[in-house]
Amino acid sequence: MKRGSIILIVVVAILAIAGYSMFKGAYNTMVTKTQSVEAQWAGVETQYQRRMDLYNSVVSTIKGSSEFEQETLTKVIEARSKATSVQVDPSKLTPESIQQFQEAQGQMSSAFSKLMVVVERYPELQTTQQFRDFQAQIEGTENRINKARDDFNATVQDYNTYIKQFPTNMIAGMFGFSDKGYFQAAAGSEQAPNIEF
């Protein structure tokens, strides 16, 4: 009887240690993956800030032209204000917060595209050094934004997949680890534009 009790105690101790190790490993992995998502988010914000700085530079150049169409410029300034006011807490990267951020940035891009169309009517603006610098840098910045968004989405996919797998999904639920949001393609972007010559 004594030998059976010792074996039972050893088995229970081994199971407790194994359970603790699995629990600890899953929890620590979720923490690490959460930090990776937040680091990728910081990369996304950095690239959007870079674009905003470029936009600010060209808007300052345009403001200096007294005959420039003020209504279009005002819309860009309002969109810029809205885009900078949407702040996302890196610890709460919910699908809703990502969508709200993406919509504000999309409105900024749309307003700025309209501004660039109007700028074509002002050749004296296009010849300024600041405007030429802007044109040279904006394409690279847009590519960096797309890359940062792709990297963020890949990291979020890794995190979301991990927290949904068994048995980590139980541990995730116990400690409040929840899905993170993705960047989505803009509505209508799946359709090719109709180009006529």
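How many nm separate the modelled label positions at GLN126 and LEU15, each set 7 Å beyond the Cα in the direction of the Cβ?
Using points 7 Å along Cα→Cβ, the separation is 7.8 nm.
Relative contact order of the chain, please, whole-number percent, based on alpha carbon pairs below 8 angstrom and at least 6 residues apart.
Relative contact order for the chain comes out at 33 percent.
From the cross-link list LYS82/LYS164; LYS92/LYS147; LYS75/LYS180; LYS63/LYS147, which pairs have alpha carbons spaced over 24 Å apart?
As for pairs spanning more than 24 Å Cα to Cα, those are LYS82/LYS164; LYS75/LYS180; LYS63/LYS147.
Considering the dipole of the stretch 1-152 built from charges on the beta carbon (Lys and Arg +1, Asp and Glu -1) around the Cα centre, which of ILE77, ILE6, PHE134 is farthest to its positive end?
Positive-end residue among those listed: ILE6.
With the chain treated as a Gaussian network of Cα nodes joined by springs under 10 Å, which of TYR159, TYR20, TYR122 yields the largest mean-square fluctuation?
TYR20
Lysines within cross-link reach of LYS2: Cα-Cα under 24 Å, excluding same-chain residues under 8 positions apart?
none
How large, in Å, is the stretch 1-78 by the Kirkwood hydrodynamic radius built from its alpha-carbon pairs?
Final number for the Kirkwood radius of the stretch 1-78 is 18.3 Å.
Can you tell me the 0 to 90 degree angle between the C-alpha axis of helix 2-63 and the longest principal axis of the chain, rounded to 10?
Orientation of helix 2-63: about 0 degrees from the principal axis.
Let me spell out the model: positive unit charges on the Cβ of Lys and Arg, negative unit charges on the Cβ of Asp and Glu, origin at the Cα centre of the chain. What dipole size does that give, in debye rounded to 20?
Charge dipole of the chain: 1220 debye, to the nearest 20.
Just from its helices, what would the mean residue ellipticity at 222 nm be for the chain, if runs of 4 or more DSSP H residues each count -39500 (n - 2.57) and the sum is divided by every residue, rounded to the nearest 500 deg cm²/dmol?
Computed ellipticity for the chain at 222 nm equals -27000 deg cm²/dmol.
Where is the GNM fluctuation largest for the chain (alpha-carbon springs, 10 angstrom cutoff): LEU125, LEU54, LEU15?
Per the Cα network of the chain with a 10 Å cutoff, LEU15 tops the list.
Of ILE98, ILE14, ILE138, which is the most mobile in a GNM of the chain whose springs link Cα atoms less than 10 angstrom apart?
Answer for the Gaussian network model of the chain: ILE14.
Let me know the Kirkwood hydrodynamic radius for the stretch 57-139, please, with Cα pairs as the basis and the value in Å to one decimal.
Result for the stretch 57-139, one decimal place: 14.0 Å.
Rule-based calculations on the coordinates, nothing more; no lab input. Everything numeric here is computed off the predicted structure, so don't read it as measured data. Glycine also receives a Cβ, built like all others from the backbone with ideal geometry; neighbour counts cover every protein chain displayed.
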